[in-house]
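The values are calculated or read from the model by the stated rules, or taken from the named source; none is laboratory data. For clarity, every value in this text was computed on a predicted model and none was experimentally measured. Because the Cβ atoms are built from the backbone with ideal geometry, glycine has one as well, and the counts that use them run over all protein chains shown. Side chains included, ligands, DNA and RNA excluded: accessible areas come from the protein's heavy atoms. Shrake-Rupley method; radii C 1.70, N 1.55, O 1.52, S 1.80 Å.
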Amino acid sequence: MTYRVGIDIGGTFTDFALLKGEEVILHKNLSTPEDRSLGVMEGLGKLAEKEGLSLAEFLGRCDAIVHGTTVADNTLIEMNGAVTGLITTEGFRDEIEYRRGFKEDIWDVRLAPPKQITPRRRRLTVPERVLHDGQVHKPLDEEALREACRKLRKQGVEAVAISFLFSFVNPAHEKRAKEIVAQELQNAHISVSHEVLPRAPEYDRTSTTIVDAYVGPRVTEYLEKLVRRLHDGGYRNQLMVMQASGGVMTRDYIAGTPIRVLASGPAGGVVGSAHAGSAKGHPDLLCVDMGGTSYDMSLVLNGQAPAEAGWNMHHRYLIGVPMVKVETLGAGGGSICHVSGGQLQVGPKSAGSEPGPICYGRGGTEPTVTDALVMLGILSTDEGFAGGSFRLSRAGVEEAFAAIGREMDTDAETAAFDSWRVVNANMSQGVRRTTAGKGIDPKELVMLAYGGNGPAFAAIQAEDLGIVKVLVPKASPTFSALGTLVADPTIDEERSYFAPATALDLPRMKRLWTELAERAERYFTAAGFPADKVNASYQLNMRYPGQTFALTFEVSGADGRLHDLAFADEGLGERAIALFNERHMAEYNHIREHELPEVTGVRLVSRFATPSPSAATSRAAATAAPRAAKYRRANLGRGFAETPVFLGADLAPGSTVPGPAIVEETFTTIVVYPGWTARVDAAGDYELVKD
C-alpha cells in the first residue's frame with residue numbers, strides 16, 4: 001500500500017488528508033508557530049501510528065507529499081521578513097510609496113500607509129535606461145551599482161530586489177546587475193523583476209519583486225528545513241508545494257519565485273471545491289472557509305477556479321503573479337470578542353493556537369468565537385475535540401462573557417449570542433461585497449462550506465444571503481489539505497509582447513511561447529513528469545487601448561501539448577479579437593465594437609494531470625431514520641432549547657436530519673438550523689436544504 005498526503009498549515013491547526021487507495025483519512029494537529037515544520041512532522045507521525053507503521057516506514061511508502069504553506073502570508077502579516085533593499089532606475093526611487101495613489105479605504109482619513117518593506121534609506125538608484133522598445137538608452141553604471149551594494153551591506157540587508165525600467169522587454173541590465181549584487185552581497189537573496197513578473201505596469205512589477213525578496217528567505221528556509229526533516233525521516237520523493245495559482249510544483253521551482261506560495265493554503269480549498277462541486281452537478285459555487293484564524297470567500301464558476309494575474313492586493317501590497325481569487329476576513333474560531341467604543345466587535349485579532357480560545361485550556365484569557373459556540377451549546381465539552389487531541393472546557397468562558405455582558409448591560413449567554421450574531425453578520429456582509437464586485441447574485445449559487453468552523457455557520461449565512469442549498473463535504477475540516485491532492489503540477493508564466501491584434505509578429509510570439517515551453521519542460525522533466533504528457537494552454541493578454549488591465553484567454557486547442565504552436569497561424573489575430581470581445585462581454589457586460597484591441601503579453605499554463613480523490617464514492621444506504629445520540633441545551637438562533645445531537649459516524653447515505661439539530665463529525669460540527677434539513681448523499685457528504 002502506498003500513500004499520498006496533503007498538508008495545509010493554518011493559524012490554529014495543521015490539517016492532513018491521507019489518500020489511501022480510495023479512502024481518505026483526516027487528521028488535525030495544533031500548529032507550532034515557533035517552527036511550523038515540527039507540527040507537520042508530529043502530524044505525519046500520528047498518521048503513521050494510525051496505519052500501524054513507524055514514521056520511516058510510513059514516509060517510505062508515500063508517493064507524494066503535497067504542502068500548502070502560510071509562511072509567506074504570516075511573514076507579511078507579522079512584518080518579520082528579511083531586511084530588504086531595492087535597486088532601481090535613477091529617478092524612480094519613490095515609486096513604491098506612490099502606490100498609484102491607491103488607498104484601501106478612501107473614506108478613512110486616518111488610514112496610515114502600509115509599513116514600508118524598503119524604507120527610503122534602503123531604496124537606491126543607479127544610472128541606466130532601457131527604452132520601451134528594448135533599446136539601451138543609457139548603459140548600466142556598474143561602479144554606481146557596486147557602490148549601492150556597499151551602502152546596502154552597511155545596513156545589514158539580507159535580500160535585494162532589482163527592478164529596472166522596461167527590463168521585461170530587454171533584461172540585459174537586470175541580468176548583469178544580479179551578477180554584480182551576487183558578488184558584492186554573497187549571502188543575500190536576490191529577486192529580479194524580469195524573473196518574478198516580466199510584464200508591465202511598472203508599479204505592479206516593482207511591488208511584486210519587493211515582496212518576493214522580503215518573503216523569499218523565510219519561505220526557502222522553511223521549505224529547506226521541512227525537506228531535510230522529511231528526508232531524515234525516510235521520505236524519498238520530492239516535496240510538492242501548493243501555489244496561489246491553484247497548481248502545485250516542486251520545491252526547486254518555488255525557490256526561484258517564493259512569492260508564488262502566498263495565499264496558497266486558501267487556493268487549495270478552492271481547487272478542492274471546484275472538483276467536488278463539479279462531481280456533484282454544481283459548477284457554480286460560493287466557497288466559504290472558516291478556520292481558526294480567518295474566513296475565506298471565493299467563487300467557482302462553470303466548475304473553474306481561474307487564476308488571475310493583476311490587481312491582487314494582499315496584506316496591503318500588490319502581488320501581480322497569478323492567484324486564485326480569495327477574499328479574507330479576520331473572522332475565525334479564534335477571533336477575539338471585545339467591546340470597543342461601546343460596541344461589540346469580533347476580530348480581526350485572533351487567539352491563534354497559542355494560547356488559543358479560553359475553552360482550549362492552554363492559557364487563553366480573551367473570549368473568542370469558539371468560546372461563544374461553547375457557551376451556546378453548539379460545541380460539546382463532553383468528548384474529545386479535534387479527533388480527541390484535547391477536550392474543550394467551560395472553565396473561565398462564562399466569566400469572560402460575563403465581563404463583556406457587564407459592559408453591554410446584559411448577561412454572559414446574551415453576550416455570547418450577540419458575538420455569534422456579529423461574526424455571522426461580518427461574514428455575510430463580506431460575501432455580499434465579494435459577489436457584488438463580480439455582479440453576481442448569491443441566490444444563484446450553491447454554498448460549499450468547509451474549514452473546522454465553516455459548517456457551524458453555513459446554513460444561517462446561506463439563509464441571510466438567500467441561498468437555499470449548502471454542501472458540506474465529509475472532509476470539510478481538512479478540505480484545503482485535501483485540495484492539494486486534487487491540484488495538478490502546474491507552471492503558469494508569461495512574457496510581455498505589445499502589438500495591435502491585426503499586426504502580430506508571429507515569429508516573435510512563437511519564440512516567446514517556445515521559451516516558456518522549454519522552461520516548463522525542464523522543470524517537469526526534473527520532477528519526473530514526462531513532458532509529452534503535459535497539457536499546454538497557450539494564452540494571450542489583451543486590452544482595449546487606454547485600458548490599464550488586460551484580460552487573459554486561451555487561443556490554443558483544449559488538448560494542446562508543449563511546443564505545439566500550430567494554432568499560431570495567419571488567422572490568429574482575427575480569432576484573438578473575437579475571443580477577447582467574448583471575454584470582455586462576459587467580464588464587463590459590454591464591448592467596444594469600433595476599437596481595435598491590443599496584445600500585451602503571451603502566457604503559457606502547463607499542467608500534468610495526476611490521480612485525485614474521488615468525490616462520489618458511494619456507501620451503503622440508510623435503512624432506517626437516524627436516532628439522536630443525545631440531547632444538549634443549545635441556542636441555534638431562537639433561544640435555548642433541548643436540541644438533538646447526531647454523530648456523523650451513525651449517519652449512512654440517505655439519512656435525513658431535520659433542523660434544529662447538531663451533527664458532530666470528528667473534526668467539525670454541522671449545525672442544522674431551524675427551517676433546514678440535512679441529507680447525507682451517496683459519498684457520505686452533507687447537503688443542507690432550506691425547507
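Would you mind working out the accessible area per residue for the chain, using a 1.4 Å probe, and quoting it in Å²?
On the way: 27740 Å² over 691 residues.
Per residue, the chain has an accessible area of 40 Å².
Between residue 42 and residue 391, how high is the FRET efficiency from 1/(1 + (r/R0)^6) when r is the Cβ-Cβ distance and R₀ = 22 Å? Nearest 0.05. Walk me through the numbers before you get to the answer.
Details: r = 19 Å, r/R0 = 0.85.
My answer for the efficiency is 0.70.
With unit charges on the beta carbon (Lys/Arg positive, Asp/Glu negative), name the residue among 116, 160, 214 whose Cα is farthest towards the positive pole of the charge dipole of the range 79-214.
Sorting the options by dipole projection puts first 116.
How many angstrom lie between the Cα centre of the range 149-168 and the Cα centre of the range 407-427?
50
Pairing the Cα long axis of helix 172-184 with the longest principal axis of the chain, what angle in degrees results, from 0 to 90 and rounded to the nearest 10?
70
Rounded, prolate or oblate, given the Cα gyration tensor of the range 7-57, with a/c below 1.5 counting as rounded? Don't jump to the answer; show the numbers that get you there.
Numbers: a/c = 2.85, a/b = 1.51, b/c = 1.89.
Judged from the Cα gyration tensor, the range 7-57 comes out oblate (a/c at least 1.5, b/c at or above a/b).
Considering the options 273, 367, 306, tell which one lies farthest towards the positive end of the dipole of the range 263-483, charges being +1 on Lys and Arg and -1 on Asp and Glu at the Cβ, about the Cα centre.
306
Angle between the Cα long axis of helix 506-526 and the longest principal axis of the chain, 0 to 90 degrees, nearest 10?
50
Please give the contour-minus-distance gain from residue 691 to residue 564: 0.36 nm per residue of separation, less the Cα-Cα distance, rounded to one decimal in nm.
Numbers: separation 127, 0.36 × 127 = 45.72 nm, distance 5.26 nm.
So the chain would gain 40.5 nm between residue 691 and residue 564.
Between 332, 80, 194, whose Cα lies farthest towards the positive end of the dipole of the chain when Lys and Arg beta carbons carry +1 and Asp and Glu beta carbons carry -1, centred on the Cα centre?
80
Given a 1.4 Å probe and the protein chains all in place, what does the accessible area of residue 63 round to, in Å² to the nearest 10?
Using a 1.4 Å probe on the heavy atoms, I get roughly 90 Å².
With θ set to phi - 60°, apply the Karplus curve 6.51 cos²θ - 1.76 cosθ + 1.60 along the range 561-572 and write out the HN-Hα couplings as whole Hz, x wherever there is a Gly or Pro.
With the stated coefficients, the range 561-572 comes to 10, 4, 6, 8, 10, 4, 5, 7, 10, 5, x, 4 Hz.
Long-range amide H contacts for residue 600: which residues qualify at under 5 Å (H placed 1.01 Å from N, peptide plane, sequence gap of 5 or more or a different chain)?
541, 542, 543
Evaluate the charge dipole of the range 506-610 about its Cα centre and quote only its size in Debye, nearest 20, assuming +1 on the Cβ of each Lys and Arg and -1 on the Cβ of each Asp and Glu. Could the numbers behind the result be given before it?
Details: 13 positive and 15 negative charges, 79 e Å.
Value, rounded to 20: 380 debye.
Per 0.36 nm of contour for each residue apart, how much would the distance between residue 642 and residue 574 grow if the chain were fully extended, relative to their Cα-Cα spacing?
Details: separation 68, 0.36 × 68 = 24.48 nm, distance 6.71 nm.
Length difference between fully extended and current span is 17.8 nm.
Determine the distance separating the Cα centre of the range 545-605 from the Cα centre of the range 68-90; give it in Å without decimals.
Taking the Cα centre of the range 68-90 as reference, the centre of the range 545-605 is 34 Å away.
What is the spin-label model distance, in nm, from residue 49 to residue 381 if the labels are put 7 Å beyond Cα along the C-beta direction?
2.6
Taking 0.36 nm per residue of separation and subtracting the Cα-Cα distance, what length does fully extending residue 1 through residue 278 add? Mind showing how you got there, number by number?
On the way: separation 277, 0.36 × 277 = 99.72 nm, distance 2.89 nm.
Gain on stretching residue 1 to residue 278: 96.8 nm.
Provide the solvent-accessible area of residue 497, counting protein heavy atoms only and rolling a 1.4 Å probe, rounded to the nearest 10 Å².
Its accessible surface works out to 10 Å², give or take rounding.
Just how much of residue 636 is accessible, in Å², when a 1.4 Å probe is used and the result is rounded to the nearest 10?
For residue 636, the solvent-accessible surface is approximately 10 Å².
Please give the charge dipole size of the chain, origin at the Cα centre, charges +1 on K and R Cβ atoms and -1 on D and E Cβ atoms. Round to the nearest 20 debye.
On the way: 73 positive and 87 negative charges, 163 e Å.
The calculated dipole for the chain is roughly 780 debye.
Sorted by packing (mean other beta-carbon atoms within 10 Å per residue), highest first, where do 49-62, 256-269 land?
Descending packing order for the listed peptides: 256-269, 49-62.
Of the heavy-atom accessible surface of the range 79-214 (probe 1.4 angstrom), what whole percent is carbon and sulfur? The partial results should precede the final answer.
Values: 3210 of 6380 Å².
The C+S portion of the solvent-accessible surface of the range 79-214 is 50 percent.
Given the rule -39500 (n - 2.57) for each run of at least 4 DSSP H residues, summed and divided by the residues of the chain, what is its mean residue ellipticity at 222 nm, to the nearest 500 deg cm²/dmol? Don't jump to the answer; show the numbers that get you there.
Values: 17 runs with 220 residues, N = 691.
Rounded to the nearest 500, it is -10000 deg cm²/dmol.
If I model a spin label as a point 7 Å beyond the Cα along the Cα-Cβ vector, how far apart are those points for residue 503 and residue 406 in nm?
With each label point 7 Å from Cα toward Cβ, the separation is 7.6 nm.
Just to confirm the number: angle between the C-alpha axis of helix 202-233 and the first principal axis of the chain, 0 to 90 degrees, nearest 10?
Roughly 60 degrees between the two axes.
Taking amide H atoms as placed 1.01 Å from N in the peptide plane, list the residues 5 or more away in sequence, or in a different chain, whose amide H sits under 5 Å from that of residue 665.
Distant-sequence amide H within range of residue 665: 648, 670.
When only the heavy atoms of the protein chains count and the probe is 1.4 Å, how do 336, 25 rank by accessible area, highest first?
Values: 336 10, 25 30 Å².
From most exposed to least exposed: 25, 336.
With a cut-off of 18 Å, note down the residues of the range 116-133 whose backbone N falls inside the zone around a label point 7 Å from the Cα of residue 316 toward its beta carbon.
The answer is 116-121, whose backbone nitrogens lie closer than 18 Å to the label point.
Please give the peptides 586-598, 471-483 ranked by average Cβ packing (other Cβ atoms within 10 Å per residue), highest first, as a rough proxy for protection.
471-483, 586-598
Please state the relative contact order of the chain as a whole percent: Cα pairs under 8 Å, 6+ residues apart? Numbers along the way, then the final one.
Values: 1562 pairs, mean separation 82.2, N = 691.
Answer for the chain is 12 percent.
Please identify the GluC sites (Glu not before Pro) of the range 294-393 that satisfy two criteria: DSSP loop assignment and at most 16 other Cβ atoms within 10 Å. Which are they? Walk me through the numbers on the way to the answer.
Numbers: sites: 308, 327, 383; in loops: 383.
Those that pass, being in a loop and sparsely packed, are 383.
Rule-of-thumb check for the range 194-310: C-alpha Rg over 2.2 N^0.38 Å? If you can, show how the numbers build up before the last one.
On the way: Rg = 16.4 Å, N = 117, 2.2 N^0.38 = 13.4 Å.
Normalised Rg, Cα atoms only: 1.22.
Can you work out the FRET efficiency for the pair residue 34 and residue 544, with r the C-beta to C-beta distance and R0 = 35 Å, to the nearest 0.05?
Details: r = 51 Å, r/R0 = 1.46.
Rounded to the nearest 0.05, the efficiency is 0.10.
Given the peptides 15-24, 443-452, arrange them by the average over their residues of other C-beta atoms within 10 Å, most packed first. Can you show the working numbers first?
Numbers: 15-24: 19.4, 443-452: 23.9.
The packing order, highest mean first, is 443-452, 15-24.
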